Amino acid sequence: MVSPPPDEKIALYKALIDTHPEIEMKGKNLLYTSIGGHMYSMMTVEGQLGMRLSPEQQAAFRAQYGSGDFKNYNAVIHDYVAIPDDLLQNTKELAPYLKKSHEYTKSLPPKPTTKKKK
């Protein structure tokens, strides 16, 4: 069984999500946010946060924060940037990026549901 991220990282992620009442954290061990079937932020079991941004926003974010690829289980998660630990601790500075991530993901076409109709 996979264990959840460290408690202090979960608390920082929760504080970030709490800055936007319309956003809900999901998951138990792999914590994430999603809309329309698309995840747009996730925290690995090691406590690394990644966010989905538009290609233009990714480039600007990487240039400003020196962020690299976001990886989960040694696989690069495309369209995501890795959030540096010092930025994760600065909720006020990071909150606008969560909003941008949410808005960008809302613009994507929803994924078809796989639930069977009753």
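The values are calculated or read from the model by the stated rules, or taken from the named source; none is laboratory data. This structure is a prediction, so every number in the text was calculated from the model and none was measured. Note that we place each Cβ from the backbone using ideal geometry, even for glycine, and neighbour counts take in every protein chain shown.
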Scanning the range 1-24 for residues that are hydroxyl-bearing (Ser, Thr, Tyr) and out of contact with any strand residue (DSSP E or B) (no Cβ under 8 Å at 6 or more places or on another chain), the one surrounded by the most Cβ atoms within 10 Å (Cβ to Cβ) turns out to be 19
Filter the strands (runs of 3 or more DSSP E) completely within the range 1-84 down to those with at least 3 residues that are of a type in the set (Val, Ile, Thr). 75-83
How many of the residues making up the range 67-94 are of a type in the set (Gly, Ala, Ser) and under 17 Å from residue 32 (Cβ atoms)? 2
Those residues of the range 62-91 which are of a type in the set (Phe, Trp, Tyr) and either closer than 16 Å to residue 42 by Cβ or within 14 Å of the chain's Cα centre (by Cα) (or both), in sequence order: 70, 73, 80
Yes or no: the range 40-60 includes at least one residue that is closer than 24 Å to residue 7 by Cα and surrounded by fewer than 13 Cβ atoms within 10 Å (Cβ to Cβ). yes
All but one of (1) on the phi < 0 side of the Ramachandran plot; (2) in contact with a strand residue (DSSP E or B) (Cβ under 8 Å, 6 or more places away or on another chain) hold for residue 85; state the number of the condition that does not hold. (2)
Conditions (1) at pLDDT 95 or above; (2) outside any strand (DSSP E or B) -> residue 116 fails only (1)
Considering the range 85-113, residues that are polar (S, T, N, Q) and assigned to a helix (DSSP H, G or I), and then whichever is surrounded by the fewest Cβ atoms within 10 Å (Cβ to Cβ), we arrive at 91
Cβ-Cβ under 7 Å, sequence separation 6+ or interchain: first residue in the range 7-26 and small (Gly, Ala, Ser), partner modelled with pLDDT of 95 or more. Which pairs? 15/91
